[in-house]
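**Student:** Starting off with a structure, shown below.
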Amino acid sequence: MKYLVFVCITLLVVSAGAALAEYSTQWMSGYYGPQDSNVVSLWHMDEDAGDSPDVLDATHMFNHWYDPAHASGVFGNSMPFNGSNDWARNEPWDGRLNATTGGFTVEMWINPARSQGGYASLADNAAGWLLRYSGDTDGLQAIMWFQNGGATAIMDTPANVVTPGVWQHVALTYGGANDRRIRIYVNGSVAAEQAQEWMIDPNQTEGRVNFGCNKGGGYFWAGAMDEVRISKVARTFSPVRLGPVGDWKSLPDGASIFASDRQVSAIFPADGFFYVEEIDRSAGIRIVSSKPVVVGDVLSINGTLGTNSDGERLVTADAAEVTVLGHNSTLIQPVGASGSSIGSSVGVDACGLLVKLWGIVGYVGPDYYYVDDGSGIEDGSGHLGIRIRADSGELPFSGEFVTIQGVLSKLGGKPVMLQ
């Protein structure tokens, strides 16, 4: 469900580009939960770029938004930065970000370019804090300025905590008066942490925040950025699971899942779900979502792992949490399967795979039938073979030899093929 919350509008300004609307809806990822009163600003980075030099600060002599084309993002589109003269900036915040005594969080999804060296600014609010990426180490660095006359804290993560060429979530948090710690999170895990003696000076946190460069127009970021959120509290995060589908199935229910570049192998719109597989066909999984997709779509998915009453592992994701990144005309092909390889209780890894089966039709029910390839497996029903759910309503005759294709699923913990 999507909740619309009307707030005072400010503008994120793109150099020589159309203003990006700052607006407040339900935060687009189930990983973070819905919007709350601690959110200061949220940008989905979906808006178009264009010319609007009248709203630029003339004291900042930046070049134009060089590449206005959007790239596919984690949710919808993302904003690309070319690393030489692209940047974005919000205009004054009317003091809404200056509640630094209570702590703050700045977070975003990033996809760094591979051809980047040195430091590059992700977000910089000019005098209070800075989060930047190191292209030399594939790490992150936070810099903060404090109220004891200009003391500076510099904190680096270990190398290789950020992976170029893929989407990942990063966050900088500061605990405020009750927890004077700086933390950097990568994909929900703490990558660096440092205690501080002093408080950030509210007078050093001017309202403007620059994205993709620092306040002086240097340290340009090369890559894409999506779903930027700033909050007036220090948030904590749960790890985002980024591994292959096969690894998800060993995780507990409720685990947060993020995946990019997973291809749709089969759709069942009447049931409200579809299946995705790894490109190498090593594993597949059911996605329960109202997002309209077609077979061959390549998706990013952010959802929650669960298990249905039949014992099948699945991921639940709102439509807004599923983004179509593109379409692959080379469809995933089924894996040849036998009754003996499937067994009387379909395995964790086999469940969710697109498979092909050959055999003789045995028992025929009102909307299902059994196919036995000679393995003679039983599921406790008294019928030999694998149960086939016939969505089309067309049923074969008992004794007929058939070749069928579908997705392996579970019914009452037993194997069933969905056509």
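**Student:** If a residue counts only when it is closer than 18 Å to W167 by Cβ and out of contact with any Asp or Glu (no Cβ under 9 Å at 6 or more places or on another chain), which strands (runs of 3 or more DSSP E) contained entirely in region 235-345 have at least 2 such residues? Spell out the reasoning first.
**Tutor:** Details: elements: 256-268, 273-277, 284-288, 297-307, 313-316, 322-327.
So the answer is 256-268, 322-327.
**Student:** Something else: Tally up the residues in region 160-186 that are more than 15 Å from the chain's Cα centre (by Cα) and on the phi > 0 side of the Ramachandran plot, please.
**Tutor:** Number of matching residues: 2.
One line per residue, one yes/no per condition, for (1) in contact with a strand residue (DSSP E or B) (Cβ under 7 Å, 6 or more places away or on another chain); (2) of a type in the set (A, V, I, L, M):
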site	(1), (2)
V298	yes, yes
T304	yes, no
T307	yes, no
G311	yes, no
E321	yes, no
S329	no, no
Q333	no, no
S341	no, no
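**Student:** If D136 satisfies every condition in (1) at pLDDT 85 or above; (2) not in a loop (DSSP other than H, G, I, E, B) but one, which is the exception?
**Tutor:** Just one mismatch for D136, condition (2).
**Student:** Hey, another quick one. Could you please find all residues in region 365-419 being assigned to a strand (DSSP E or B) and over 43 Å from the mean Cα position of the chain (by Cα)? First the steps, then the outcome.
**Tutor:** Step one: list which residues in region 365-419 are assigned to a strand (DSSP E or B), which gives 368-372, 378, 384, 386-389, 401-411, 414-418.
Correct list: F401 only.
**Student:** Scan region 373-396 and tell me whether some residue there is exposed (fewer than 12 other Cβ atoms within 10 Å of the Cβ) and of a type in the set (A, V, I, L, M, F, W, C). Walk me through how you get there before you give the answer.
**Tutor:** Taking region 373-396 as the starting set, the residues that turn out to be exposed (fewer than 12 other Cβ atoms within 10 Å of the Cβ) are 376, 380, 382, 392-394.
Now drop any that are not of a type in the set (A, V, I, L, M, F, W, C), which leaves none.
Among the residues of region 373-396, not one is exposed (fewer than 12 other Cβ atoms within 10 Å of the Cβ) and of a type in the set (A, V, I, L, M, F, W, C), which makes the answer no.
**Student:** Could I ask something else about it? Filtering region 216-234 down to residues that are of a type outside the set (K, R) and in a loop (DSSP other than H, G, I, E, B), which residue is surrounded by the most Cβ atoms within 10 Å (Cβ to Cβ)?
**Tutor:** We begin by selecting, within region 216-234, every residue of a type outside the set (K, R); these are 216-228, 230-231, 233-234.
Now narrow it down to the ones that are in a loop (DSSP other than H, G, I, E, B): 216-221, 233-234.
Details: G216: 13, G217: 15, G218: 10, Y219: 20, F220: 22, W221: 29, V233: 19, A234: 21.
The qualifying residue surrounded by the most Cβ atoms within 10 Å (Cβ to Cβ) is W221.
**Student:** When the residues of region 279-292 are narrowed to those that are surrounded by fewer than 20 Cβ atoms within 10 Å (Cβ to Cβ) and not basic (K, R), which ends up farthest from G413 (Cα to Cα)?
**Tutor:** So the first thing to find is which residues in region 279-292 are surrounded by fewer than 20 Cβ atoms within 10 Å (Cβ to Cβ), and the list is 279-282, 288, 290-292.
Filter once more, so that each one left must be not basic (K, R): 279-280, 282, 288, 290, 292.
Numbers: I279: 26, D280: 26, S282: 21, V288: 18, S290: 25, P292: 28 Å.
In this case the residue turns out to be P292.
**Student:** Now, a different point. Of all residues in region 264-278, which are within 17 Å of E321 (Cβ to Cβ) and of a type outside the set (A, V, I, L, M, F, W, C)?
**Tutor:** Selection gives G272, Y275.
**Student:** When the residues of region 247-271 are narrowed to those that are hydroxyl-bearing (S, T, Y) and either touching a Ser or Thr at 6+ places or on another chain (Cβ under 6 Å) or modelled with pLDDT of 95 or more (or both), which ends up surrounded by the fewest Cβ atoms within 10 Å (Cβ to Cβ)? Steps first, please.
**Tutor:** Taking region 247-271 first, the residues hydroxyl-bearing (S, T, Y) are 250, 256, 260, 265.
Now drop any that are not either touching a Ser or Thr at 6+ places or on another chain (Cβ under 6 Å) or modelled with pLDDT of 95 or more (or both), which leaves 256, 260, 265.
On the way: S256: 21, S260: 19, S265: 23.
Per the criteria, the residue is S260.
**Student:** Here is a further query. Only one of V364, V371, V355 is farther than 24 Å from E277 by Cβ and modelled with pLDDT of 90 or more. Can you tell me which?
**Tutor:** Values: V371 fails: farther than 24 Å from E277 by Cβ; V355 fails: farther than 24 Å from E277 by Cβ.
The match here is V364.
**Student:** Oh, and also: Of the residues that sit in region 300-323 and are hydrophobic (A, V, I, L, M, F, W, C) and free of Cβ contacts under 8 Å to residues at least 40 places away in the same chain, which one is surrounded by the fewest Cβ atoms within 10 Å (Cβ to Cβ)? Before the answer, list the steps.
**Tutor:** Taking region 300-323 first, the residues hydrophobic (A, V, I, L, M, F, W, C) are 301, 305, 314-315, 317, 319-320, 322.
Then keep just the ones that are free of Cβ contacts under 8 Å to residues at least 40 places away in the same chain; that gives 319, 322.
Numbers: A319: 12, V322: 23.
Per the stated criteria, the residue is A319.
The values are calculated or read from the model by the stated rules, or taken from the named source; none is laboratory data. Note that the structure is predicted; figures quoted are calculated from it, not measured. No Cβ is skipped: glycine too gets one built from the backbone with ideal geometry, and neighbour counts run over all protein chains shown.
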